[in-house]
Amino acid sequence: MDTSDYAFPPSVETLYCDHHPWLQSWLRRRLGNAADAADLAQDAFLRLLAAPRKFGSLPEARVYLRTMAGGLCVDLWRRRRIEQAWLDTLAAQPEARAPSAEHQAIVLEALQEIDRLLRTLPVKAAHAFVMTVGSGMSEKEVAAELGVSTRMVRKYIAQAMLHCLETL
């Protein structure tokens, strides 16, 4: 297919046929893993099915798909970092205290949900929340770490808690 404009907005089926092999190849080069590339290419087209878009040209469709796939790569890497941190924590525990496989999966899912939630907050609010709630730091310690007042730390924590409640 050449780079001329589409005669009419293509269907998702046409986009899939025209772009899936290219997108999967691009993802395979980026990820270095054919299985992950195949999964993310499918995820990209599933998202396109859920929220259809109209493209006037081949380059426009490819730019959109590459941008979406890039975001999916970042999400994959983030999930893997969280999973690795959890596995490292488990490895440091004595075997007798190791949670069941089911409990491990529940905790990992909860950690990934917390990460998604924190990423929607302003950076300082997320950091203040994690330092106070997750690390047990005092408001004064958090204020010193972030370079803000303790009043601002309380505001950040309140903002984070409100966001959590609204999201749930």
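Every number in this text was worked out from the coordinates using simple rules, so none of it is lab data. Note that the structure is a prediction, hence the values are computed from the model and not measured. So basically every Cβ, Gly included, is an ideal-geometry build from the backbone, and we count neighbours across all protein chains shown.
Some observations on this one:
- Of the residues Leu162, Val74, Ala105, the one whose Cα sits farthest towards the positive end of the charge dipole of the chain is Leu162 (charges of +1 on Lys and Arg Cβ, -1 on Asp and Glu Cβ, taken about the Cα centre).
- Charge dipole (Cα centre; +1 on Lys/Arg Cβ, -1 on Asp/Glu Cβ; no other charges) of the chain amounts to roughly 540 debye.
- The slack in the chain from Glu166 to Ser25, taken as 0.36 nm per residue of separation less the alpha-carbon distance, amounts to 46.8 nm.
- Span-rule helices in the chain, defined as complete DSSP H runs reaching 30 Å or more along the axis (Cα) with Kyte mean at least -0.5: 58-91
- Residues in the stretch 17-37 that a label on Arg80 would reach, taking backbone N under 14 Å of a point 7 Å out along Cα→Cβ: 27-37
- When the convex hull of its Cα atoms is projected in every direction, mean area for the chain (nm²): 13.9 nm²
- Distance from the stretch 55-76 to the stretch 110-127 (C-alpha centre basis), Å: 25 Å
- Protection-proxy order for peptides 159-167, 39-47, each taking the mean of Cβ atoms within 10 Å per residue, highest first: 39-47, 159-167
- Distance between the pseudo-spin-label points of Val133 and Arg154 (7 Å out from Cα toward the beta carbon): 1.9 nm.
- Ranked packing of 64-76, 133-145, most packed first, by mean Cβ within 10 Å: 64-76, 133-145
- Taking a straight line from the alpha carbon of Lys124, these lysines sit under 25 Å away, with near neighbours fewer than eight places off in the same chain left out: Lys140, Lys155.
- R0 of 25 Å, Cβ-Cβ distance Val123-Ala91: FRET efficiency to nearest 0.05: 0.25
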